[in-house]
């Protein structure tokens, strides 16, 4: 059982969790954790989260949670629509998994 004051969001296929976390931070000033941060080295078979992000809500009030989900939604929409980075100076591309292979 995986639980606590957080929820796991499973991303659509082809969307890289680490790219989502980076774009959320840069484009929306939002911190989300890519699932790989929570894998135990040497025990990856037990719990793998490469296509997930973890959203923590332990210290956030309802208004901030709603705002954070909206910001994350904007990032995901841009990525799924194939839009490049919205910040100047970022590499071209949409931050999808194929860019990191």
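The values are calculated or read from the model by the stated rules, or taken from the named source; none is laboratory data. Computed from a predicted structure; not experimentally measured. Cβ: placed from backbone, ideal geometry, glycine included. Neighbour counts: every protein chain shown.
Mind checking which residues of segment 13-43 are closer than 17 Å to residue 80 by Cα, under 11 Å from the mean Cα position of the chain (by Cα) and touching a residue at least 40 places away in the same chain (Cβ under 8 Å)? Residues satisfying the conditions are 15, 16, 18, 19, 20, 22, 23, 24. Every condition in (1) at pLDDT 85 or above; (2) more than 20 Å from residue 11 (Cα to Cα) is met by residue 51 except one, and the failing one is (2). Considered as a group, the residues in segment 44-72 that are under 12 Å from the mean Cα position of the chain (by Cα) and part of a helix (DSSP H, G or I) include one that is surrounded by the fewest Cβ atoms within 10 Å (Cβ to Cβ), and that residue is 69.
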